[in-house]
Amino acid sequence: MTYHRSFENRLRDDPGAPLLTWYDLDSGARVELSATTFGNWVDKTGHLLVEEVDLETGDLVALPLLTERPGHWMTLVLVAACWHLGATVTHHHDDRARLLIGGPGVEADPSGTPTWAVSLHPLGVGLPDPAPGVLDWADEARAQPDLHIPADVPADAEAWADPPVGFAELSADPAASGRRLVVAGEPWPTVRAGLVTPVLTGGSVVLVEGAAGAGDLAGIAAEEHAEA
(Lines give C-alpha, C1' and ligand atoms only; values in the text may rest on other atoms or scores of the structure.)
Protein backbone atom coordinates (compact mmCIF):
# COMPACT_ATOMS: atom_id res chain seq x y z
CA MET A 1 0.00 0.00 0.00
CA THR A 2 1.31 3.46 -0.86
CA TYR A 3 2.38 6.02 1.72
CA HIS A 4 -0.40 8.38 0.66
CA ARG A 5 -3.11 5.70 0.79
CA SER A 6 -1.83 4.61 4.21
CA PHE A 7 -2.05 8.22 5.42
CA GLU A 8 -5.64 8.51 4.17
CA ASN A 9 -6.57 5.21 5.82
CA ARG A 10 -5.09 6.30 9.13
CA LEU A 11 -7.13 9.51 9.12
CA ARG A 12 -10.28 7.53 8.35
CA ASP A 13 -9.84 4.43 10.50
CA ASP A 14 -7.96 5.55 13.61
CA PRO A 15 -8.08 9.34 13.77
CA GLY A 16 -7.95 9.80 17.54
CA ALA A 17 -5.09 7.48 18.46
CA PRO A 18 -1.59 8.93 18.94
CA LEU A 19 0.48 9.11 15.78
CA LEU A 20 3.45 11.06 17.14
CA THR A 21 4.51 11.78 20.71
CA TRP A 22 7.39 14.26 20.79
CA TYR A 23 9.83 14.81 23.64
CA ASP A 24 12.42 17.56 23.96
CA LEU A 25 14.59 16.54 26.89
CA ASP A 26 16.46 19.85 26.87
CA SER A 27 13.31 21.87 27.58
CA GLY A 28 11.19 19.18 29.23
CA ALA A 29 8.45 19.56 26.60
CA ARG A 30 6.13 16.74 25.59
CA VAL A 31 3.54 17.03 22.83
CA GLU A 32 1.24 14.28 21.60
CA LEU A 33 -0.44 14.51 18.21
CA SER A 34 -3.23 12.23 17.09
CA ALA A 35 -3.64 11.42 13.42
CA THR A 36 -6.38 14.05 13.27
CA THR A 37 -4.26 16.80 14.83
CA PHE A 38 -1.23 15.96 12.72
CA GLY A 39 -3.42 15.75 9.62
CA ASN A 40 -4.99 19.14 10.32
CA TRP A 41 -1.55 20.76 10.44
CA VAL A 42 -0.63 18.97 7.20
CA ASP A 43 -3.83 20.16 5.50
CA LYS A 44 -3.40 23.75 6.62
CA THR A 45 0.21 23.73 5.48
CA GLY A 46 -0.75 22.19 2.16
CA HIS A 47 -3.20 25.01 1.48
CA LEU A 48 -0.50 27.52 2.41
CA LEU A 49 2.01 25.85 0.09
CA VAL A 50 -0.42 26.16 -2.80
CA GLU A 51 -1.52 29.70 -1.96
CA GLU A 52 1.94 31.17 -1.33
CA VAL A 53 4.23 29.09 -3.54
CA ASP A 54 1.89 27.31 -5.98
CA LEU A 55 3.79 24.13 -5.12
CA GLU A 56 3.28 21.19 -7.46
CA THR A 57 4.42 17.61 -7.94
CA GLY A 58 8.13 17.48 -8.74
CA ASP A 59 8.98 20.84 -7.17
CA LEU A 60 11.90 20.90 -4.75
CA VAL A 61 11.61 22.25 -1.20
CA ALA A 62 14.79 22.99 0.76
CA LEU A 63 14.31 22.26 4.46
CA PRO A 64 17.55 23.09 6.30
CA LEU A 65 15.26 22.86 9.33
CA LEU A 66 15.82 19.12 8.93
CA THR A 67 19.48 19.63 9.79
CA GLU A 68 18.67 21.85 12.78
CA ARG A 69 15.80 19.84 14.28
CA PRO A 70 15.04 16.66 12.30
CA GLY A 71 12.91 15.21 15.10
CA HIS A 72 10.71 18.19 15.93
CA TRP A 73 7.03 17.57 15.28
CA MET A 74 6.80 20.76 13.24
CA THR A 75 9.56 19.51 10.94
CA LEU A 76 7.68 16.28 10.27
CA VAL A 77 4.44 18.17 9.58
CA LEU A 78 6.23 20.22 6.93
CA VAL A 79 7.76 17.15 5.30
CA ALA A 80 4.36 15.44 5.24
CA ALA A 81 2.69 18.52 3.72
CA CYS A 82 5.29 18.73 0.96
CA TRP A 83 4.83 15.04 0.22
CA HIS A 84 1.06 15.44 0.15
CA LEU A 85 1.53 17.69 -2.87
CA GLY A 86 4.14 15.42 -4.46
CA ALA A 87 7.08 17.74 -3.81
CA THR A 88 10.63 16.55 -3.23
CA VAL A 89 12.31 17.41 0.08
CA THR A 90 15.99 18.09 0.65
CA HIS A 91 17.73 19.08 3.86
CA HIS A 92 20.34 21.09 1.93
CA HIS A 93 20.20 24.59 0.52
CA ASP A 94 19.59 24.20 -3.19
CA ASP A 95 19.33 26.89 -5.87
CA ARG A 96 16.61 24.88 -7.63
CA ALA A 97 14.28 24.96 -4.61
CA ARG A 98 10.91 26.68 -4.90
CA LEU A 99 10.88 27.29 -1.14
CA LEU A 100 13.36 27.49 1.74
CA ILE A 101 12.24 26.58 5.27
CA GLY A 102 14.45 27.19 8.31
CA GLY A 103 14.29 27.67 12.05
CA PRO A 104 13.37 30.80 14.01
CA GLY A 105 16.53 32.67 13.04
CA VAL A 106 16.38 32.08 9.28
CA GLU A 107 16.83 35.15 7.08
CA ALA A 108 15.36 35.85 3.67
CA ASP A 109 17.18 34.00 0.92
CA PRO A 110 19.32 36.50 -1.04
CA SER A 111 18.41 34.84 -4.34
CA GLY A 112 14.75 35.68 -3.79
CA THR A 113 13.52 32.16 -3.03
CA PRO A 114 10.49 32.40 -0.73
CA THR A 115 11.59 31.74 2.84
CA TRP A 116 9.58 30.47 5.79
CA ALA A 117 10.59 30.49 9.45
CA VAL A 118 9.47 27.87 11.97
CA SER A 119 9.31 28.89 15.62
CA LEU A 120 9.92 25.37 17.02
CA HIS A 121 7.62 26.28 19.90
CA PRO A 122 6.26 23.09 21.51
CA LEU A 123 2.66 24.22 21.09
CA GLY A 124 2.99 25.58 17.57
CA VAL A 125 3.00 29.26 18.53
CA GLY A 126 4.36 31.62 15.89
CA LEU A 127 7.31 33.98 16.03
CA PRO A 128 6.97 37.43 17.57
CA ASP A 129 9.32 39.03 15.04
CA PRO A 130 10.45 37.02 12.00
CA ALA A 131 13.22 38.48 9.85
CA PRO A 132 12.19 40.94 7.11
CA GLY A 133 10.88 39.17 4.03
CA VAL A 134 10.37 35.88 5.91
CA LEU A 135 6.93 34.30 6.35
CA ASP A 136 6.05 32.91 9.77
CA TRP A 137 4.82 29.43 8.94
CA ALA A 138 2.89 28.68 12.14
CA ASP A 139 0.80 31.85 12.18
CA GLU A 140 0.12 31.74 8.45
CA ALA A 141 -0.76 28.05 8.42
CA ARG A 142 -3.11 28.37 11.36
CA ALA A 143 -5.23 30.83 9.35
CA GLN A 144 -5.67 28.33 6.50
CA PRO A 145 -8.64 25.94 6.18
CA ASP A 146 -8.14 22.41 7.46
CA LEU A 147 -10.24 21.01 4.63
CA HIS A 148 -8.59 17.73 3.65
CA ILE A 149 -7.81 17.28 -0.03
CA PRO A 150 -6.84 13.68 -0.92
CA ALA A 151 -3.36 13.38 -2.38
CA ASP A 152 -2.91 12.53 -6.04
CA VAL A 153 0.82 11.86 -6.42
CA PRO A 154 2.37 9.78 -9.23
CA ALA A 155 4.20 6.70 -7.96
CA ASP A 156 7.33 7.68 -9.87
CA ALA A 157 7.63 11.09 -8.18
CA GLU A 158 10.64 11.66 -5.93
CA ALA A 159 10.03 12.12 -2.20
CA TRP A 160 13.56 12.71 -0.86
CA ALA A 161 16.58 14.10 -2.67
CA ASP A 162 19.59 12.93 -0.64
CA PRO A 163 19.68 9.96 -0.60
CA PRO A 164 17.27 9.78 -3.56
CA VAL A 165 14.05 8.04 -2.52
CA GLY A 166 10.98 7.82 -4.73
CA PHE A 167 7.44 7.56 -3.40
CA ALA A 168 7.23 3.97 -4.67
CA GLU A 169 10.36 3.08 -2.70
CA LEU A 170 9.11 5.05 0.29
CA SER A 171 5.90 3.05 0.31
CA ALA A 172 7.81 -0.23 0.30
CA ASP A 173 9.80 0.66 3.41
CA PRO A 174 10.06 -2.49 5.59
CA ALA A 175 8.95 -0.99 8.88
CA ALA A 176 8.22 -2.46 12.28
CA SER A 177 4.72 -1.92 13.64
CA GLY A 178 3.50 -1.03 17.11
CA ARG A 179 4.55 1.90 19.30
CA ARG A 180 8.24 2.58 18.83
CA LEU A 181 10.76 4.78 20.64
CA VAL A 182 13.02 6.72 18.26
CA VAL A 183 15.91 9.02 19.13
CA ALA A 184 16.30 11.85 16.59
CA GLY A 185 19.51 11.71 14.57
CA GLU A 186 20.35 12.23 10.91
CA PRO A 187 17.55 13.76 8.79
CA TRP A 188 16.53 10.85 6.58
CA PRO A 189 16.63 8.04 9.18
CA THR A 190 14.70 10.28 11.58
CA VAL A 191 11.99 11.08 9.03
CA ARG A 192 11.75 7.46 7.95
CA ALA A 193 11.35 6.20 11.53
CA GLY A 194 9.36 9.17 12.84
CA LEU A 195 6.90 9.65 9.97
CA VAL A 196 7.04 6.93 7.34
CA THR A 197 7.03 3.97 9.73
CA PRO A 198 3.94 4.89 11.79
CA VAL A 199 1.99 5.95 8.68
CA LEU A 200 2.72 2.73 6.78
CA THR A 201 2.15 0.37 9.69
CA GLY A 202 -0.70 2.08 11.49
CA GLY A 203 1.50 2.32 14.58
CA SER A 204 2.83 5.29 16.49
CA VAL A 205 6.19 6.74 17.46
CA VAL A 206 7.67 8.36 20.53
CA LEU A 207 10.30 10.68 19.10
CA VAL A 208 12.94 12.01 21.47
CA GLU A 209 15.16 15.05 20.93
CA GLY A 210 17.83 16.43 23.24
CA ALA A 211 20.55 14.92 25.39
CA ALA A 212 19.28 11.50 26.41
CA GLY A 213 20.94 8.92 28.62
CA ALA A 214 20.02 5.26 28.73
CA GLY A 215 18.04 5.85 31.91
CA ASP A 216 16.04 8.67 30.31
CA LEU A 217 15.12 6.52 27.33
CA ALA A 218 14.20 3.52 29.45
CA GLY A 219 11.95 5.70 31.58
CA ILE A 220 10.22 7.24 28.59
CA ALA A 221 9.75 3.85 26.94
CA ALA A 222 8.14 2.48 30.10
CA GLU A 223 5.94 5.56 30.58
CA GLU A 224 4.79 5.55 26.97
CA HIS A 225 4.51 1.76 26.60
CA ALA A 226 6.88 1.97 23.66
CA GLU A 227 9.40 -0.51 22.34
CA ALA A 228 12.93 0.81 21.88
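The values are calculated or read from the model by the stated rules, or taken from the named source; none is laboratory data. None of these values were measured; they are calculated from a predicted model. All Cβ positions, glycine included, derive from the backbone under ideal geometry; neighbour counts span all protein chains shown.
Numbers for the structure displayed
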{"item": "GLY58 farther than 20 Å from ALA143 by Cα, out of contact with any Phe, Trp or Tyr (no Cβ under 8 Å at 6 or more places or on another chain) and without any contact (Cβ under 8 Å) to a residue 24 or more places away in the chain", "result": "no"}
{"item": "Condition check for GLY133: surrounded by fewer than 19 Cβ atoms within 10 Å (Cβ to Cβ), modelled with pLDDT of 95 or more and farther than 19 Å from TRP22 by Cα", "result": "yes"}
{"item": "Lone unmet requirement of (1) over 26 Å from THR2 (Cα atoms); (2) modelled with pLDDT of 95 or more for ASP95", "result": "(2)"}
{"item": "Among (1) touching a residue at least 12 places away in the same chain (Cβ under 8 Å); (2) assigned to a loop (DSSP other than H, G, I, E, B), the one test that ASP129 misses", "result": "(1)"}
{"item": "Criterion (without any contact (Cβ under 8 Å) to a residue 12 or more places away in the chain and among the acidic types (Asp, Glu)) met by exactly one of GLU140, GLU169, GLU158, GLU107", "result": "GLU169"}
{"item": "All strands (runs of 3 or more DSSP E) inside segment 1-102 with 2 or more residues being over 23 Å from SER204 (Cβ atoms)", "result": "60-62, 88-90, 99-102"}
{"item": "Selection status of ALA157, hydrophobic (A, V, I, L, M, F, W, C) and surrounded by 13 or more Cβ atoms within 10 Å (Cβ to Cβ)", "result": "yes"}
{"item": "Options LEU147, LEU123, LEU195: the member that is loosely packed, with under 13 Cβ neighbours inside 10 Å and within 30 Å of HIS225 (Cα to Cα)", "result": "LEU123"}
{"item": "Residue within segment 214-224 that is without any contact (Cβ under 8 Å) to a residue 24 or more places away in the chain, out of contact with any strand residue (DSSP E or B) (no Cβ under 6 Å at 6 or more places or on another chain) and part of a loop (DSSP other than H, G, I, E, B) present", "result": "no"}
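To keep it simple, each residue is scored yes or no on (1) surrounded by fewer than 23 Cβ atoms within 10 Å (Cβ to Cβ); (2) within 19 Å of VAL165 (Cβ to Cβ).
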{"position": "ASP54", "(1), (2)": "yes, no"}
{"position": "GLU68", "(1), (2)": "yes, no"}
{"position": "GLY86", "(1), (2)": "yes, yes"}
{"position": "ALA97", "(1), (2)": "no, yes"}
{"position": "ALA108", "(1), (2)": "yes, no"}
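Rundown of residues vs (1) of a type in the set (S, T, N, Q); (2) farther than 26 Å from LEU60 by Cα, yes/no style:
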position	(1), (2)
SER119	yes, no
GLY124	no, no
ALA155	no, no
LEU181	no, yes
ILE220	no, yes
